[in-house]
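Take a look at the structure below.
The values are calculated or read from the model by the stated rules, or taken from the named source; none is laboratory data. It should be emphasised that the depicted structure is a prediction, and the values quoted were computed from it without experimental measurement. Glycine gets a Cβ as well: all are built from the backbone with ideal geometry, and neighbour counts include every protein chain shown. Protein only, heavy atoms only, side chains kept; ligands, DNA and RNA dropped before computing areas. Shrake-Rupley method; radii C 1.70, N 1.55, O 1.52, S 1.80 Å.
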Amino acid sequence: FYLTPPQVNSILKANEYSFKVPEFDGKNVSSVLGFDSNQLPANAPIEDRRSAATCLQTRGMLLGVFDGHAGCACAQAVSERLFYYIAVSLLPHETLLEIENAVESGRALLPILQWHKHPNDYFSKEASKLYFNSLRTYWQELIDLNSGETTTDVREALINAFKRLDNDISLEAQVGDPNSFLNYLVLRVAFSGATACVAHVDGVDLHIANTGDSRAMLGVQEEDGSWSAVTLSYDHNAQNEHEVERVKMEHPKSEEKSLVKQDRLLGLLMPFRAFGDVKFKWSIELQKRVIEAGPDQLNDNEYTKFIPPNYHTPPYLTAEPEVIHHKLRPQDKFLVLATDGLWETMHRQDVARIVGEYLTGVHHQQPIAVGGYKVTLGQMHGLLTERRARISSVFEDQNAATHLIRHAVGNNEFGTVDHERLSKMLSLPEELARMYRDDITIIVVQFNSHVIGAYQNEE
């Protein structure tokens, strides 16, 4: 097919969402101005998820992208549940007690999160009671543990929340549920997997908790107006030497050769950290027992049947995140959280420049580079004409994440958006799309330099 520009736009804009942080008395007291997010599916249905919420009982905002594999069930569950676990981990002891007392006496609960959701974001109502009970057990344990007043360390809270949710996903699947729909759901969640990259922003404190191979990147404006990228997460895969080393340290020397094969964990899994994926965590006996007791649909799923090769000393996989803390500075203008579908197609330096120029409306003209290509005068004229048209159309996107997806999918070898390429990539049939690109999910968070500057002066 050849898609017209309006058709391309309607595909690109279908899942976009923007949120502006409200001002009070004409003042914005948050270090976050707002965020733009968007998703472009390659899989049908899409396996990525995204979440954003403001913590109501503590300060701070949570934003995250989740990349599912072997289906979307685990990414969906994590996108619904993880922020509650983080919020509860950050709550002071007396607030936890208030919440528990309210549940106990049947009173209305203090709201913990204000969600900022795209209208199409799905929430599994059937599982909400089960999810709530697991969360309640967690805060009850926190109450017992922290009877003495302790100030919660954000880093610790993030790590505990990730690990606890993964543990609950595993436990719910082992216990099962008398309701057959829920029973199948908890098993699908546990047997599929998801990576997660989450940001917690509170004043000038930015924490990134990452499990897997989605990424966080900071866009910094230098004094001369140019843009640079600061990496705030590391991929947990075979390209990360420290990660390969970590996996090897956790297993006997006799398994050294079989742990990572063809750049995959046990020759199968790309990310070395993930939620769910109990095939890489449970003992063989436990896997067999749960599958035999589970519903028939589970046996029809190829993914649940096999046992990974050379499976001797599980668990081989963890959901524990790597947490990076960064103190925001006035020159830190925005944060990009994105699943690997973006980073497979674009370098972080280009991402910083494209988003930076979009947000400031200043288009630094790079000299046209044709590195090694033989270009005729006619082609050069075409490139210059296209550049002129692009400057006038650069603001057709009202959303920074959409603007970035347009470049990720439509960039040609000269780094400019080629409408014909964009049209071809977006009109690929479902079964082919996955061969050319992955699902792409992006959140662009814009920071308020004035507020960050004021925080700095106070400190």
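Computed quantities for the displayed model
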read-out: Segment 264-281 residues that are over 9 Å from A319 (Cβ atoms), paired with ones that are assigned to a strand (DSSP E or B) and at pLDDT below 95 (beta carbon under 6 Å, 6 or more apart); value: none
read-out: Selected residue [at pLDDT 95 or above and buried (at least 20 other Cβ atoms within 10 Å of the Cβ)] from H326, H312, H403; value: H403
read-out: In segment 253-279, the residues that are open to solvent by less than 10 Å² (accessible area, probe 1.4 Å), within 11 Å of N310 (Cα to Cα) and in contact with a Pro (Cβ under 7 Å, 6 or more places away or on another chain); value: L266
read-out: Some residue of segment 148-160 being of a type in the set (K, R) and in contact with a strand residue (DSSP E or B) (Cβ under 8 Å, 6 or more places away or on another chain); value: yes
read-out: Output for segment 1-46, where each listed residue is of a type in the set (S, T, N, Q) and part of a helix (DSSP H, G or I); value: Q7, N9, S10
read-out: Of residues in segment 1-29 being over 22 Å from the mean Cα position of the chain (by Cα) and open to solvent by less than 30 Å² (accessible area, probe 1.4 Å), the one nearest to V445 (Cα to Cα); value: N28
read-out: Selection status of V230, among the aliphatic types (A, V, I, L, M), more than 16 Å from the chain's Cα centre (by Cα), open to solvent by less than 70 Å² (accessible area, probe 1.4 Å) and closer than 17 Å to F447 by Cα; value: yes
read-out: Extreme residue, farthest from W343 (Cα to Cα), among residues of segment 40-55 that are crowded, with 24+ Cβ neighbours inside 10 Å and not aliphatic (A, V, I, L, M); value: S51
read-out: Condition check for H236: in contact (Cβ under 8 Å) with a residue 60 or more places away in the chain and farther than 20 Å from V351 by Cα; value: yes
read-out: So A238, is it among the small types (G, A, S), in a strand (DSSP E or B) and closer than 29 Å to R50 by Cβ; value: no
read-out: Hey, R246 open to solvent by 10 Å² or more (accessible area, probe 1.4 Å), within 30 Å of L56 (Cβ to Cβ), modelled with pLDDT of 95 or more and not β-branched (V, I, T) or not; value: no
read-out: Members of segment 122-131 that are open to solvent by 50 Å² or more (accessible area, probe 1.4 Å) and either over 27 Å from the mean Cα position of the chain (by Cα) or not basic (K, R) (or both); value: Y122, F123, E126, S128
read-out: Some residue of segment 378-399 being touching a Leu at 6+ places or on another chain (Cβ under 9 Å), open to solvent by less than 30 Å² (accessible area, probe 1.4 Å) and modelled with pLDDT under 90; value: no
read-out: Residues being under 29 Å from P330 (Cβ atoms) and open to solvent by 10 Å² or more (accessible area, probe 1.4 Å) - total across segment 181-202; value: 1
read-out: Candidate set: segment 74-121, residues that are closer than 26 Å to L171 by Cα and of a type in the set (F, W, Y); chosen: the one surrounded by the fewest Cβ atoms within 10 Å (Cβ to Cβ); value: Y84
read-out: Members of segment 430-444 found to be farther than 20 Å from G410 by Cβ and more than 13 Å from the chain's Cα centre (by Cα), listed by number; value: E431
read-out: Lone qualifier among L62, L82 - being of a type in the set (A, V, I, L, M, F, W, C), assigned to a strand (DSSP E or B) and under 13 Å from the mean Cα position of the chain (by Cα); value: L62
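One line per residue, one yes/no per condition, for (1) at pLDDT 95 or above; (2) touching a helix residue (DSSP H, G or I) at 6+ places or on another chain (Cβ under 6 Å); (3) within 30 Å of Y436 (Cβ to Cβ); (4) not small (G, A, S):
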| residue | (1), (2), (3), (4) |
| --- | --- |
| P22 | no, no, no, yes |
| G26 | no, no, no, no |
| G34 | yes, no, no, no |
| S37 | yes, yes, yes, no |
| R49 | yes, yes, yes, yes |
| A53 | yes, yes, no, no |
| M61 | yes, no, no, yes |
| V65 | yes, no, yes, yes |
